[in-house]
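Engineer: Sharing a structure below in structure tokens format, with a few things to ask.
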Amino acid sequence: MDDRRPCEVETGCGPCGEIYLQNLAWSRNAVEPRTGIQFPTMLDNIITGENTSFTPEVLVGTGSRTMTIIRIKSLKLYAFGFYVHPSDVCEKLGPKYACIPEYELNKRQDFYQDLLREDINMTVRLVVSCNGIKINTVRDAFEKSLRARLMRTNPDADHHCLHTFGSIFSQDIPLHEGTTINFHRTADGKLITEVGGNQLGAVQSKDLCRAFFDMYIGDVPVCEQTKEEIGKNVASIVSTC
């Protein structure tokens, strides 16, 4: 019988995850190895709708997405960085997981599910790594994956949120090499989309938020290696709570 009790962790504290932040302080950027694209280790002044958070989100994983053109050649479409808010992680996950060793924590599927389920500010930043990608190509790719994941995570979800999300990409925005696209989930369940630093729109839907980030840390992620990296680094944050 497992008689372990929840860890005693103070919630809502300012210095939560401070050790992890200090470990990042030596470097301003991290490099995604396959594309060579740099990502800031911290995202400052995250737009959250009406307000701006001045507490940085921290980078916990990077990866890239490629498309096979012919059998022997692949096209690097974009690199991505995954960010979380460390104090949110401590507040929401610390009481349950802070006593569990890091090497065990990142292998537990309930840990990833709680990371998706809880109201934690997080961001996926994409950086386009080639020219010629169309904004509607980005929309179509995400809509297809999101529809399938919405059905799996919550069959009763209101799929109107997908239409609203797709309408954000109606503008003919050029996506050149180096263009940044941010998808930010707020703690109150809003998915905010920015392209090149400009906010395009927001969708209020916790189901959509969960389905979107499920692409990166859920079942059948975009990159399994990156999911493991994210798990290890979030577990490292939890250990400092």
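We did not get these values from a lab; they are worked out from the coordinates using the rules stated. Being a predicted model, the structure only gives us computed values, none of them experimental. Note that we place each Cβ from the backbone using ideal geometry, even for glycine, and neighbour counts take in every protein chain shown.
Engineer: Take the Cβ-Cβ distance between residue 172 and residue 148 as r, set R0 to 30 Å, and report the resulting FRET efficiency rounded to the nearest 0.05.
Structural biologist: Values: r = 27 Å, r/R0 = 0.90.
The calculated FRET efficiency here is 0.65.
Engineer: With the cut-off at 1.5 for a/c, could you classify region 184-238 from its C-alpha gyration tensor as rounded, prolate or oblate? Working shown, then result.
Structural biologist: Values: a/c = 1.86, a/b = 1.81, b/c = 1.03.
It is prolate, given that a/c is not under 1.5 and a/b is the larger ratio.
Engineer: I've got another one for you. What does the extension gain come out to for residue 228 and residue 30, with contour length at 0.36 nm per residue minus their alpha carbon separation?
Structural biologist: Working: separation 198, 0.36 × 198 = 71.28 nm, distance 1.70 nm.
Length difference between fully extended and current span is 69.6 nm.
Engineer: Moving to a separate point now. Residue by residue, what Karplus-based ³J(HN,Hα) values in Hz, rounded to whole numbers, does region 231-240 have, using 6.51, -1.76 and 1.60 with θ = phi - 60° and x for Gly and Pro?
Structural biologist: x, 4, 6, 5, 4, 5, 5, 4, 5, 9
Engineer: Let me ask something else about it. Tabulate in residue order the Karplus-calculated ³J(HN,Hα) for region 91-102, using 6.51 cos²θ - 1.76 cosθ + 1.60 with θ = phi - 60°, rounded to whole Hz; enter x for Gly and Pro.
Structural biologist: 5, 8, 10, x, x, 8, 10, 4, 8, 8, x, 4
Engineer: Which order do the peptides 155-162, 57-64 come out in when sorted by mean C-beta neighbours inside 10 angstrom, highest first? Can you show the working numbers first?
Structural biologist: Values: 155-162: 13.5, 57-64: 23.8.
Put in order of decreasing packing, that is 57-64, 155-162.
Engineer: Oh, and also: For residue 65, what is the net charge nearby, where nearby means another residue's Cβ is under 12 Å from its Cβ and Lys, Arg count +1, Asp, Glu -1? Before the final figure, lay out each step's value.
Structural biologist: Working: positive: 34, 76; negative: 32.
That works out to +1.
Engineer: Here's another thing I want to ask about it. Quote the charge dipole size of region 18-239 about the Cα centre in Debye, to the nearest 20; the model charges only the Cβ of Lys and Arg (+1) and of Asp and Glu (-1).
Structural biologist: Values: 24 positive and 27 negative charges, 170 e Å.
My answer is approximately 820 debye.
Engineer: Using alpha-carbon pairs under 8 Å, 6+ residues apart, how would you state the relative contact order of region 18-239 in percent? Don't jump to the answer; show the numbers that get you there.
Structural biologist: Details: 389 pairs, mean separation 47.7, N = 222.
Relative contact order comes out at 22 percent.
Engineer: Which listed residue (95, 184, 167) has the Cα farthest towards the positive end of the charge dipole for region 18-239, taking +1 on Lys and Arg C-beta and -1 on Asp and Glu C-beta about the Cα centre?
Structural biologist: 167
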